[in-house]
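The values are calculated or read from the model by the stated rules, or taken from the named source; none is laboratory data. These numbers were taken from a predicted model, which means no experiment stands behind them. Here the Cβ positions follow ideal geometry from the backbone for every residue, glycine too, while neighbour counts run over all protein chains shown.
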Amino acid sequence: MFSGRADRHRVSQDRPASRRATTGVLGIVSHWFAAGLDADSQRQRKGRIGACLYLGGAVYGALIVWQTPDPPVSQTVVAIAVAVVALALMVLPWQRVPDSVLIWPVLPSAFFTTLGSGSSNMLGHYQAIYLLALGYAGLVLRPGQTAQVAGVSLALLAAVAGFGRQRDSLVEITGTILFAALIGELIAAAMSAQHRQRVKLEHLHAGVRPLLSAHSEPEAARLVSELALDLLGADGVVTLVADRFGPPSARDTSLSARGGAGLGSEVAAVRSGDHPPESGIGAVARDRRPLFVPDARNSPVSLPTTGNETGWASALFLPIEVVDQLAGVMVVFWTRPVDDLDPFDGQVMELLSLQAGPVLMRVRHVEELDRAATTDPLTGVSNRRAFEQAMANLEDDALLLLFDLDRFKGVNDTQGHSAGDRVLQAFASSLTASVRDSDLACRIGGDEFAVLTHGGDEVARAILDRLSAAWSYPEGVGFSVGSAERRPGESAEHLSARADEALYAMKHRRRERVEVD
């Protein structure tokens with residue numbers, strides 16, 4: 001029953017020792033070259049690669065010396081020098097040195113190869129080292145620096161030729177140096193592009209973390225804009241959020257600028273209405289595809305009307321989607337012309353939009369739930385819960401106004417609750433129109449309303465004057481009001497009690513006038 005498993009175990013135990021040794025050596029080598037994504041680990045890996053290249057060059061030099069009868073002393077010195085450099089590179093702590101130091105392993109190879117062997121007229125044997133040295137230069141240096149190393153090698157070659165050495169192979173060696181420099185520059189360009197892409201992905205990953213914890217649409221839109229500004233090196237970003245999430249349509253899509261970054265922060269508060277199909281936002285909302293406009297000044301695609309678009313030289317419009325719903329549009333712009341958008345940048349921005357969509361939908365749902373929890377469903381003003389939350393965080397100059405509708409109970413008793421509901425809705429509408437945007441208007445129960453504001457008696461009189469002008473006394477229903485301004489250190493309970501006393505004092509005076517009449 002267990003014979004098959006036992007046989008497999010025995011085969012594993014009988015694996016040749018040479019294979020196990022090879023696997024162990026490969027594992028050690030793999031671990032030696034392994035490096036993380038941080039800059040220190042990358043420098044360590046590049047230094048070790050350079051050490052291996054130098055070691056290969058030392059072995060190559062030793063073979064030449066071994067095969068050459070009566071080798072010149074200079075040739076032997078070159079081989080020994082390369083071996084010493086290789087051993088030094090093996091043990092150097094590359095993770096502790098700056099990036100600029102990585103150029104120094106390359107320069108000795110150019111010196112030893114060109115000057116040392118050139119003095120013995122044996123430079124042609126070392127052409128392979130040029131490929132290794134300049135290839136390594138492309139691996140560890142920035143684009144353009146490999147050409148500088150090649151220039152040093154050509155200068156040394158010219159010096160050697162000036163002393164009458166290597167003239168017969170001058171063209172071949174020059175070609176080798178130029179070819180090796182070209183290979184090195186190609187490697188440097190590829191490494192530089194890879195580095196930029198890695199850095200952008202790291203920035204995207206780091207920027208998504210705070211985005212996922214955003215608590216409001218303006219905060220989420222601002223974080224998305226700041227991240228896009230950083231990733232693309234743009235001059236401004238504006239993130240517009242759909243007023244209603246749903247299937248995108250160029251005719252009924254209304255968006256509002258909810259956050260921006262850079263120059264876009266200046267227009268982030270602008271509200272945008274419906275966007276025509278010929279506009280960049282309208283086209284993106286309709287087609288659900290990114291739109292890049294390299295020449296924004298002369299493009300038939302119209303830009304958002306923000307008052308700041310005249311300075312836009314290039315622009316990118318990017319849809320923000322959640323499954324089949326349009327959540328918003330991101331507008332990225334540059335004040336300098338951008339001829340083309342890097343494909344990798346486009347992919348990064350699409351990743352950002354994929355992260356932004358669910359976040360915007362989440363905060364929208366949370367805000368809607370919060371509004372539902374703090375809004376009176378009949379009148380649309382804030383409810384008692386919102387009032388109590390505001391009273392728990394009173395400002396020092398808080399002003400409380402309490403309202404009570406007069407003769408409201410008679411409307412309910414004689415005409416029914418539907419008539420009473422209409423009166424309540426009308427009063428809430430008049431009250432909302434009479435206060436400032438920063439004031440809080442609430443229905444705190446039945447026919448009782450409250451306004452929490454600040455500014456003293458002048459503000460209270462201004463609200464009452466506007467309310468008296470707006471209120472038309474439907475069904476003969478009037479209102480009474482009591483106000484109280486917070487005293488230093490006064491509690492919310494005491495402030496509410498004083499406003500309540502003022503309210504009922506006014507109602508009592510009105511009853512007395514009615515009885516006298």
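One table, with the values for the structure above:
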item	result
Test result for Arg244, more than 10 Å from the chain's Cα centre (by Cα), surrounded by fewer than 15 Cβ atoms within 10 Å (Cβ to Cβ) and under 22 Å from Arg289 (Cα atoms)	yes
Test: Asp439 is touching a Ser or Thr at 6+ places or on another chain (Cβ under 7 Å) and either modelled with pLDDT under 90 or surrounded by 15 or more Cβ atoms within 10 Å (Cβ to Cβ) (or both)	yes
Restricting segment 144-197 to residues that are in a helix (DSSP H, G or I) and of a type in the set (D, E, K, R), the residue that is modelled with the lowest pLDDT	Glu172
Selection within segment 460-495 - surrounded by 18 or more Cβ atoms within 10 Å (Cβ to Cβ) and among the hydroxyl-bearing types (Ser, Thr, Tyr)	Ser480, Ser483
Arg289 in contact with a helix residue (DSSP H, G or I) (Cβ under 9 Å, 6 or more places away or on another chain), at pLDDT 75 or above and assigned by TED's automatic domain parsing to the domain that holds Leu341	yes
Selection within segment 408-418 - out of contact with any helix residue (DSSP H, G or I) (no Cβ under 6 Å at 6 or more places or on another chain), surrounded by 13 or more Cβ atoms within 10 Å (Cβ to Cβ) and over 10 Å from Asp447 (Cα atoms)	Gly410, Gln415
Any hit, segment 419-429, residues being surrounded by 14 or more Cβ atoms within 10 Å (Cβ to Cβ) and touching a residue at least 60 places away in the same chain (Cβ under 8 Å)	no
Members of segment 328-349 that are of a type in the set (Val, Ile, Thr) and either part of a loop (DSSP other than H, G, I, E, B) or over 20 Å from Ser299 (Cβ atoms) (or both)	Thr335, Val338, Val348
Residue among Arg244, Arg222 that alone is of a type in the set (Lys, Arg) and over 27 Å from Val338 (Cβ atoms)	Arg244
Flag if Leu229 is within 24 Å of the chain's Cα centre (by Cα), under 20 Å from Trp312 (Cβ atoms), at pLDDT 85 or above and surrounded by fewer than 24 Cβ atoms within 10 Å (Cβ to Cβ)	yes
Segment 465-494 residues that are touching a residue at least 40 places away in the same chain (Cβ under 8 Å), paired with ones that are aromatic (Phe, Trp, Tyr) and buried (at least 19 other Cβ atoms within 10 Å of the Cβ) (beta carbon under 6 Å, 6 or more apart)	Val477/Phe408; Phe479/Phe403; Val481/Phe403
Residue match in segment 391-398 (condition: under 45 Å from the mean Cα position of the chain (by Cα), surrounded by fewer than 18 Cβ atoms within 10 Å (Cβ to Cβ) and among the aliphatic types (A, V, I, L, M))	yes
Helices (runs of 4 or more DSSP H) fully within segment 40-143 counting 1 or more residues that are modelled with pLDDT of 70 or more	73-91, 127-140
Set Arg385, Arg362, Arg422, Arg371: member being charged (D, E, K, R) and farther than 30 Å from Phe245 by Cα	Arg422
Criterion: modelled with pLDDT of 75 or more, among the hydrophobic types (A, V, I, L, M, F, W, C) and closer than 17 Å to Pro218 by Cα - qualifying residue of Ala242, Ala283	Ala242
Enumeration of residues in segment 462-508 that are on the phi < 0 side of the Ramachandran plot and part of a loop (DSSP other than H, G, I, E, B)	Trp471, Ser472, Val477, Arg486, Arg487, Pro488, Glu490, Ser491
Out of Arg461, Arg486, sole residue that is out of contact with any Asp or Glu (no Cβ under 9 Å at 6 or more places or on another chain) and charged (D, E, K, R)	Arg461
So Arg371, is it charged (D, E, K, R), touching a residue at least 12 places away in the same chain (Cβ under 8 Å) and at negative phi	no
Qualifying residue in segment 135-154 (condition: out of contact with any Gly (no Cβ under 6 Å at 6 or more places or on another chain), among the aromatic types (Phe, Trp, Tyr) and either in the same structural domain as Leu55 (by TED's automatic domain parsing) or surrounded by 14 or more Cβ atoms within 10 Å (Cβ to Cβ) (or both))	no
Segment 291-316 residues that are on the phi > 0 side of the Ramachandran plot, paired with ones that are surrounded by 15 or more Cβ atoms within 10 Å (Cβ to Cβ) and at pLDDT below 85 (beta carbon under 9 Å, 6 or more apart)	Gly307/Val267; Gly307/Val270
